[in-house]
Every structure is written in C-alpha cells, then in structure tokens.
Amino acid sequence: MQTWEYSPEYAIRSWAYVGIHAIVIKLGHLLPFVGSKNSEFYFLRIIFAFVCAVCETRLYSVMTRLLNPRIAIIYLIVSVTSPGMFHASVSYLPSTFAMYGTILGLTAFMDWSGGLRTAQGIMWFGIGAVLGWPFAGVLVLPFVFEEVLLASLTRQGIESIWRLLDGTVRSLIALVSDLLSYTVSHVDLTRCRHCKPLSIFSFTGNLYVYHGIS
Amino acid sequence: MMYNIFGGSNKGPDIYGTEPWDFYIRNLLINFNVWFVLALFAMPLLLLQHFVRGQTVSRQSILRSIILVSPLYLWLAIFTLQPHKEERFMYPAYPALALNAAFSLHTLLSYIGSTNPKDLISKVPGQVKFAFVMVFAIAAIDVGLLRSLGLATAYSAPLSVYAPLREPGVARPGDTVCLAKEWYRFPSSYHLPSGMRAKFVKSAFTGLLPGEFSEARVGFGFFPGAWLVPPGMNDENMEDPGKYASTISFKIVGLC
C-alpha cells in the first residue's frame with residue numbers, strides 16, 4: 001500500500017529510511033526462522049528492540065560514569081518499565097529512529113571524558129533527523145547553544161566553530177544517502193528522450209531527473 | 001517540512017485532525033504515569049538544589065545539567081503549540097523524559113536521605129523513609145508494567161485477527177481481504193499470506209486512502225514502484241474513488 005506522502009509528486013517521505021530496513025530484512029533471510037512475511041515483520045521488531053537496548057545501555061554506562069550511578073539506575077528503571085518506551089522502542093516509525101538518535105546524541109554530549117564530543121553529538125542527532133524525522137533536529141539546539149555560550153565565555157571560538165562544523169559535516173554524510181534515495185524515487189528513465197542507449201557503466205552520467213525539469 | 005509549515009489553506013497537518021492543548025500531558029501521563037510529573041519538575045528541582053540548598057546534583061556542571069534537562073521542555077512546548085498532535089510525535093523526547101525523571105527522583109532522594117539536623121526531613125525515622133520510597137517506586141513500576149501488559153493483551157487484536165488466514169489451505173494467492181471503515185487498524189501487508197492483497201471498499205470514511213504501488217516493469221531505472229507516480233493522489237486528504245475495489249471481485253470478505 002502506497003500513501004500519498006510516498007508519491008514522487010509530493011515526496012514527503014524518504015526512501016532511505018525504508019531502504020535501511022529492507023537491508024535488515026534481507027540479512028534476516030539468512031536465518032532459518034525468517035522466511036514468511038509475518039516472520040519478517042517480527043524479525044524487524046526484534047532488531048529494533050536490540051538496537052534500542054544497545055543505545056540505552058551506552059547511555060546508561062555513560063550516565064553511571066559521568067553523571068551519577070543513582071541517576072543512571074533510575075533512568076534505566078523508567079525506560080524499561082514505562083509503557084511509553086514499550087511501544088516507542090519497537091515501532092517502525094521515523095520518530096523511533098529519531099529517538100535512537102536522541103539516545104546516542106545525549107550519550108555523546110554527556111561524555112566529555114577525553115575531550116568534548118560536540119561533533120559526535122551533532123552527528124547522532126543529525127542522523128536521527130535526516131534519515132528519521134527532520135524536526136527531531138530541534139533537540140540538538142540546547143547543546144549547540146551551550147557550545148556557543150562556552151565558546152564566548154572561554155574565548156575559544158575557533159575550536160568551537162571547528163567542532164560545530166565537524167558535526168554538521170558528519171550529519172551531511174547521512175544527508176547524501178538520503179538524497180541518493182530521493183534520486184532513485186525521482187529518476188524516470190522512460191521519459192528521457194535525449195538519452196543514448198545506456199550501458200550500466202554510463203548509468204549515473206545519464207540520470208534524467210524529471211522532477212527538476214518537467 | 002515545507003508541506004507541514006508552509007502548506008497553505010486546505011493543506012498542512014491540521015486537515016488530518018487536531019487535538020486540544022493538553023493532549024500530550026494526558027498522553028504522557030498514560031505512557032509514563034508519575035515519571036512524567038517528575039520529569040516536568042526536573043528543572044525547578046535542579047535550580048532549587050543548586051542555588052537554595054547549595055548542593056550539586058551530579059558530576060556535571062550546573063550549566064551542563066540545565067542543558068541536559070532542557071530538551072524535554074523545548075519539545076513539549078513546540079508540539080503543544082501545534083494543533084495537529086499524535087502520540088508518536090513525542091517519541092524522540094522519550095529518552096529526555098526518562099533522563100529528567102531520573103534527575104528529579106535523584107534530587108528528591110538526596111533530600112529525603114538528608115541527615116542534616118537543619119532539614120525537617122531528618123526527624124523522620126529511616127525505616128519510614130525507606131518504606132515510603134519503596135512503595136512509591138514499586139507502585140510507579142507496577143502501573144507502568146500493567147499498562148504495557150494491557151497494551152499487549154487488550155489492543156493486539158489487529159495483529160492476531162489475520163492469523164487464521166495464514167493457516168494452510170485457507171487463502172490462495174490472488175485472494176483479497178477487504179477493509180472498510182476500520183482500515184486504519186490494518187497493521188501491514190506483512191500480516192497477510194504471500195500473494196494475498198488488501199483492498200478497500202467504500203465506507204463512512206471520506207478521506208484519501210492509500211493506493212497501490214505500480215508493479216509495471218518498465219524503464220531502465222531501479223525500483224519503478226518507487227518513482228512512477230501513482231494515480232489519484234493529492235495532498236489535501238480528498239477522497240479518490242479510484243482507491244475502492246468493486247465488491248464482486250472478492251473471494252474473502254472480512255472486517256467490513
């Protein structure tokens with residue numbers, strides 16, 4: 001079933017997000033118990049649960065070391081027992097993907113052992129925003145504000161700009177993969193009147209993106 | 001994003017339903033019960049602990065602590081102002097909510113555990129404090145687990161209702177399941193056996209239904225289903241008669 005957001009005419013949703021999960025299911029076919037469509041559905045949810053647990057374990061361990069062990073254990077109890085995380089952790093939704101980005105982003109910003117990890121933090125929030133839900137990028141703003149504030153107080157502007165730039169560039173890598181998927185959903189070679197017969201090697205050179213022309 | 005913010009009239013998120021301003025508060029109380037209340041108090045408690053009681057909350061600086069608890073407030077404020085609200089919109093802030101709740105409870109515990117004679121709480125015997133905290137924590141955990149159990153047992157019908165179709169001999173490739181007013185409860189085509197399809201019949205619903213991916217194998221590009229424009233789509237949630245199947249073609253009719 002195709003919803004209107006996925007129609008190339010509107011292209012509100014990205015295929016990169018879907019593509020990642022398609023790869024996961026393809027890999028799942030290597031397992032003996034993944035075969036029917038129903039098992040694919042639940043296999044993907046199991047992977048979601050595993051990814052979410054890995055992200056949260058990372059945040060928990062950083063909280064224990066750099067915040068306070070008691071805060072960390074309460075965080076873990078809230079996450080594990082609340083019905084909110086019960087359904088949010090395993091949903092096949094861009095919001096859930098963005099949530100994983102939030103967890104890893106928080107981890108990076110909290111962990112300043114061995115230098116500030118601003119770039120890493122921006123990258124995780126950025127990946128969650130670009131491949132998941134663009135609006136989730138708002139969550140990085142308090143941390144960027146702190147970085148700018150600290151830079152202006154300590155007069156280390158150059159290092160700060162460098163860290164912010166570094167993080168932005170890392171997020172852009174995710175954006176490139178997103179744009180590639182956008183191209184896949186917008187390239188209609190049948191409408192290409194001036195294209196010469198294509199060999200597979202000249203394929204990328206002859207892309208006719210009708211979205212920009214028609 | 002362009003569509004959601006600069007859509008113009010008859011477009012944008014609001015045509016898909018709006019909710020009152022307290023939707024997220026009610027929703028988060030269901031999803032996080034008392035932890036949500038604690039999460040909202042994270043910032044005041046942090047400031048109180050630091051500036052009034054003169055104690056540090058964590059090993060991070062006060063500035064870093066303030067920054068760490070602020071994403072939840074930012075997120076809640078932005079989405080409360082949007083008329084179109086959905087439960088999933090809060091997902092990216094769930095970890096921030098759990099973090100804030102942990103900050104709050106930790107701060108409260110350090111006050112409750114205080115043995116400083118200047119604090120009133122130090123007059124309360126240790127066993128009473130312990131019992132109070134344990135009852136609070138166990139109640140909060142139980143309410144959360146029971147709600148999760150409730151979600152799994154009381155709301156899982158859309159996941160189990162298609163199971164009989166997967167029994168051997170029930171459905172053949174090319175058969176169809178028809179969906180009517182309850183179409184939005186259809187979890188996904190992954191719950192149908194291979195070769196079986198879901199189609200819609202006309203019901204009380206008058207918005208735009210999902211269509212079908214093109215299965216034409218045309219052109220040289222990859223995944224033609226993704227780049228061929230499906231017919232009858234619009235971004236104003238207007239009904240498209242082409243989305244309905246004629247009822248004569250059904251071999252299996254259900255959920256109508």
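If a residue counts only when it is within 15 Å of the chain's Cα centre (by Cα), which helices (runs of 4 or more DSSP H) contained entirely in region A:1-120 have at least 3 such residues?
A:15-28, A:37-66, A:94-110
What are the residues in region B:113-136 that are surrounded by 15 or more Cβ atoms within 10 Å (Cβ to Cβ) and modelled with pLDDT of 90 or more, if any?
Correct list: B:Lys129, B:Val133.
Answer yes or no: is there a residue in region B:230-246 that is at pLDDT 60 or above, more than 20 Å from B:Tyr184 (Cα to Cα) and in contact with a Pro (Cβ under 6 Å, 6 or more places away or on another chain).
No, every residue in region B:230-246 fails to be at pLDDT 60 or above, more than 20 Å from B:Tyr184 (Cα to Cα) and in contact with a Pro (Cβ under 6 Å, 6 or more places away or on another chain).
If you check B:Leu40, B:Leu74, B:Leu47, which single one turns out to be within 13 Å of chain A (Cβ to nearest Cβ) and among the hydrophobic types (A, V, I, L, M, F, W, C)?
Answer to the selection: B:Leu74.
Of the conditions (1) of a type in the set (S, T, N, Q); (2) touching a residue at least 12 places away in the same chain (Cβ under 8 Å); (3) in a helix (DSSP H, G or I); (4) within 9 Å of chain A (Cβ to nearest Cβ), B:Ser148 satisfies every one except a single condition; which number is it?
Unmet condition: (2).
On the given criteria, is A:Gly19 touching a residue at least 60 places away in the same chain (Cβ under 8 Å), over 18 Å from B:Ala93 (Cα atoms) and surrounded by 17 or more Cβ atoms within 10 Å (Cβ to Cβ)?
When the stated conditions are applied, A:Gly19 passes them.
Could you list all residues from region A:53-77 that are hydrophobic (A, V, I, L, M, F, W, C), closer than 19 Å to A:Gly128 by Cα and facing chain B (nearest Cβ under 10 Å)?
A:Cys55, A:Leu59
Do we find a residue being outside any helix (DSSP H, G or I) and free of Cβ contacts under 8 Å to residues at least 60 places away in the same chain anywhere in region B:128-140?
no
(1) facing chain A (nearest Cβ under 10 Å); (2) touching a Ser or Thr at 6+ places or on another chain (Cβ under 8 Å); (3) surrounded by 19 or more Cβ atoms within 10 Å (Cβ to Cβ): which one isn't true of B:Tyr24, the others all being true?
(1)
Can you tell me which residues in region B:50-91 are touching a residue at least 12 places away in the same chain (Cβ under 8 Å) and among the basic types (Lys, Arg)?
Answer for region B:50-91, where residues must be touching a residue at least 12 places away in the same chain (Cβ under 8 Å) and among the basic types (Lys, Arg): B:Arg53, B:Lys85.
Mind checking which pairs have a first residue in region B:169-196 that is on the phi < 0 side of the Ramachandran plot and a second that is in a loop (DSSP other than H, G, I, E, B) and among the basic types (Lys, Arg), Cβ under 7 Å, 6 or more apart or different chains?
B:Asp175/B:Lys251; B:Thr176/B:Lys251
Determine the pairs where a residue that is farther than 17 Å from B:Ala42 by Cβ, located within region A:63-77, has a partner that is modelled with pLDDT of 95 or more and of a type in the set (Gly, Ala, Ser) with Cβ atoms under 8 Å apart, the partner being 6 or more residues away or on another chain.
Matching pairs, first to second residue: A:Thr64/A:Ala72.
When you scan region B:94-145, how many residues do you find that are among the acidic types (Asp, Glu) and closer than 23 Å to A:Ser89 by Cα?
Of the residues in that region, 1 qualify.
Given (1) at the interface with another protein chain (Cβ under 9 Å from one of its Cβ atoms); (2) closer than 18 Å to A:Ile74 by Cα; (3) aliphatic (A, V, I, L, M), where does B:Met134 come up short, assuming only one miss?
So the condition that B:Met134 fails would be (1).
What number goes with the only condition from (1) facing chain A (nearest Cβ under 10 Å); (2) loosely packed, with under 15 Cβ neighbours inside 10 Å that B:Trp183 does not pass?
Of everything listed in (1) facing chain A (nearest Cβ under 10 Å); (2) loosely packed, with under 15 Cβ neighbours inside 10 Å, B:Trp183 misses just condition (2).
Which ones in region A:25-50 are of a type in the set (Phe, Trp, Tyr) and away from chain B (no Cβ under 14 Å)?
Once the filter is applied, which keeps residues that are of a type in the set (Phe, Trp, Tyr) and away from chain B (no Cβ under 14 Å), region A:25-50 yields A:Phe33, A:Phe50.
Of everything in region B:54-102, what is buried (at least 17 other Cβ atoms within 10 Å of the Cβ), farther than 18 Å from A:Met99 by Cβ and among the basic types (Lys, Arg)? Give them in sequence order.
Within region B:54-102, just B:Arg64 meets the criteria.
Identify, please: which residue in region A:124-148 is among the β-branched types (Val, Ile, Thr) and more than 17 Å from A:Tyr100 (Cα to Cα) and is, among those, farthest from the other protein chains (Cβ to nearest Cβ)?
Among those residues, the one meeting the criterion is A:Val148.
Among the listed residues B:Ser214, B:Ser249, B:Ser194, which satisfies the condition of being polar (S, T, N, Q), at pLDDT below 75 and within 29 Å of A:Arg45 (Cα to Cα)?
Exactly one residue qualifies, and that residue is B:Ser214.
The values are calculated or read from the model by the stated rules, or taken from the named source; none is laboratory data. Computed from a predicted model, the values in this text were never measured in an experiment. Cβ atoms come from the backbone with ideal geometry, glycine included; neighbour counts cover every protein chain shown.
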